[in-house]
Amino acid sequence: MKRGYRIGIVTRWGAACGISLHGELIARALLSMGHEVRVYAPTLETAGRDWHHVLIEGDPPWVQRVYGEVDEVEYPEGGYFRRPSDWDENDVIIVEGYHRLPWRALEPHVREVKRRGTATILVVHYAFPRDLEPVLEDPSLWDVVAVFDERFVGMVERVAGKRARVEIVPYPYMVLEVDYADRPSYAEGKVLLFSFGRQPPHEYVDYLRGIARLVKRKYPLVYRVVRSLGTIGYQADWLVVEHRKLSVKELYSALKGADIHLIPKWDHPGIVVSSTLAQVLYAGVATIVPDTRYFETIPDGLEESGPVIKYRLGDVTDLVSRLELLIKDEGLRRELGRRAKRYAWERRAEVVAEKLLSSI
């Protein structure tokens, strides 16, 4: 697609969630490619009801907050969409479809610009067919239904058969270069493990028990956890918990200063991807994840040339064996870091944004 298109994106913005990260990465990539981008985001008073949606920073001038999110019971009814004055000026409308979007309020506005010749793209974030069904009642409304992998293709076909034009467009990965490695003085002479985020405390249980077991075996470990919401409710000499929000640059610096990154993420019954991994994999630190649906399409670094190492969720013995391997083998840690950077670079936002537009 040529440069200079006017592209509107309906998405969350500035929040700690996968919909927001996808929208932000795609929007900024399109801007860098020479397109004009307008973002139509949810109002903070409605989006703030969801614990995932916590505004990280202020909005740039090309972001308008025009729609009211709904809860899971209300969806797809309820909410509102205040049609922006520049809505009709867009050559392309991208809708990040998710289960809190006020679809019935938004639908007639998408249908109207589609009728006038605006290209329409649906990006599928839905985990379940029940939530996808309303936006695919009329598959002709969308020029392209963009999905992240083959699992989503199957879900679209269960809902709409072969009537929708489906394209696999991978989830974009962030690429950020930072020079400073943030390694606290208390980690001197020790192996530094690191986690961040807002996950519920129970999702840390495997890591806490696994590290405690390794400390008893006299491994010199320290576990640094940075949380922006609540406490873990666990104390140990080897555990350091910081309560603050990290900017993206601060996060990458903390990752660069760590030896091993542990992602706490329990399983999900639906089809999901890990936006956390997409945000930080390029930092190039050896990473351990639970073998759940969030990571099921990611190759395992022990079984293949994958960018992460997986362990069986709830199996602390399995986790400990993998931690021990990484603790002892600094060369493996470096190799995983190189694979991680390569994996993220190949899926960087500019590549994905170009693929998304070329699918029209």
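The values are calculated or read from the model by the stated rules, or taken from the named source; none is laboratory data. Here the structure is a predicted model, which means the values were calculated and not measured. Note: ideal-geometry Cβ built from the backbone for every residue, glycine included; neighbour counts use all protein chains shown. Keep in mind that these areas ignore ligands, DNA and RNA; they rest on the heavy atoms of the full protein, side chains included. Shrake-Rupley method; radii C 1.70, N 1.55, O 1.52, S 1.80 Å.
Within region 201-223, identify whether any single residue is under 28 Å from Phe152 (Cα atoms) and in contact with a strand residue (DSSP E or B) (Cβ under 8 Å, 6 or more places away or on another chain), and answer yes or no. Quick ask: steps written out before the conclusion?
In the first step, residues of region 201-223 are kept if they are under 28 Å from Phe152 (Cα atoms); the result is 203.
The next check asks that each one be in contact with a strand residue (DSSP E or B) (Cβ under 8 Å, 6 or more places away or on another chain); those that pass are none.
No, because not a single residue in region 201-223 is under 28 Å from Phe152 (Cα atoms) and in contact with a strand residue (DSSP E or B) (Cβ under 8 Å, 6 or more places away or on another chain).
Would you confirm whether or not region 81-97 contains a residue that is in a loop (DSSP other than H, G, I, E, B) and closer than 25 Å to Ala278 by Cβ?
First, the residues of region 81-97 that are in a loop (DSSP other than H, G, I, E, B): 82-86, 90-91.
Keeping just the survivors that are closer than 25 Å to Ala278 by Cβ gives none.
The answer is no; no qualifying residue exists.
Please go through region 309-333 and give me each residue that is open to solvent by less than 50 Å² (accessible area, probe 1.4 Å) and aliphatic (A, V, I, L, M), ordered by number.
Initial filter on region 309-333 (open to solvent by less than 50 Å² (accessible area, probe 1.4 Å)): 309-311, 315-316, 318-320, 322-324, 326-327, 331-333.
Residues satisfying the conditions are Ile309, Val316, Leu319, Val320, Leu323, Leu326, Ile327, Leu332.
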Open item on the list: What pairs come out if I take residues in region 57-68 that are over 12 Å from Arg12 (Cβ atoms) and pair them with residues that are basic (Lys, Arg) and part of a loop (DSSP other than H, G, I, E, B) whose C-beta lies under 9 Å away, six or more apart or interchain?
Closed with: Gln64/Arg82; Val66/Arg82; Val66/Arg83; Gly68/Arg82
Task: Residue selected from region 334-360 under the condition within 20 Å of the chain's Cα centre (by Cα) and not in a helix (DSSP H, G or I), by the criterion surrounded by the most Cβ atoms within 10 Å (Cβ to Cβ) - done: Arg347
- [ ] Would you mind finding the one in Ala236, Ala254 that is within 28 Å of Gly331 (Cβ to Cβ) and open to solvent by less than 50 Å² (accessible area, probe 1.4 Å)?
- [x] Ala254
- [ ] Please tell me if Leu101 is in contact (Cβ under 8 Å) with a residue 60 or more places away in the chain, assigned to a loop (DSSP other than H, G, I, E, B) and among the hydrophobic types (A, V, I, L, M, F, W, C).
- [x] yes
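Out of the residues in region 196-217 that are touching a helix residue (DSSP H, G or I) at 6+ places or on another chain (Cβ under 7 Å) and within 18 Å of Lys245 (Cβ to Cβ), state the one that is least open to solvent (accessible area, probe 1.4 Å). It would help to see each step written out before you state the result.
First pass over region 196-217, keeping only residues touching a helix residue (DSSP H, G or I) at 6+ places or on another chain (Cβ under 7 Å): 196-197, 206, 209-210, 213-214.
Right, trim to within 18 Å of Lys245 (Cβ to Cβ) and you get 196-197.
Details: Phe196: 36, Gly197: 19 Å².
My answer is Gly197.
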Task: In region 218-233, residue least open to solvent (accessible area, probe 1.4 Å) [restricted to those that are modelled with pLDDT of 95 or more and more than 15 Å from Phe194 (Cβ to Cβ)] - done: Tyr219
TODO: Could you give me the residue pairs with C-beta distances under 9 Å whose first residue belongs to region 285-314 and is touching a residue at least 60 places away in the same chain (Cβ under 8 Å) and within 14 Å of Leu262 (Cβ to Cβ), whose second residue is open to solvent by 20 Å² or more (accessible area, probe 1.4 Å) and among the aromatic types (Phe, Trp, Tyr) wherever it lies, and which are 6+ apart or on separate chains?
DONE: Pro290/Trp266; Leu313/Trp266
- [ ] Return the residue satisfying two criteria in turn: it lies in region 10-68 and is surrounded by fewer than 22 Cβ atoms within 10 Å (Cβ to Cβ), among the acidic types (Asp, Glu) and farther than 18 Å from Pro102 by Cα, and of such residues it is modelled with the highest pLDDT.
- [x] Glu36
Open item on the list: Considering only residues that are surrounded by fewer than 21 Cβ atoms within 10 Å (Cβ to Cβ) and touching a Leu at 6+ places or on another chain (Cβ under 8 Å), which ones fall in region 285-294?
Closed with: Asp291, Thr292
TODO: Answer yes or no: is there a residue in region 169-182 that is surrounded by 14 or more Cβ atoms within 10 Å (Cβ to Cβ), more than 24 Å from Ala278 (Cβ to Cβ) and in contact with a helix residue (DSSP H, G or I) (Cβ under 6 Å, 6 or more places away or on another chain).
DONE: no
Task: Close pairs from region 157-169: first more than 15 Å from Asp138 (Cβ to Cβ), partner assigned to a loop (DSSP other than H, G, I, E, B) and open to solvent by less than 30 Å² (accessible area, probe 1.4 Å), Cβ under 7 Å, at least 6 apart - done: Glu167/Ser359; Ile168/Asp149; Val169/Ser359
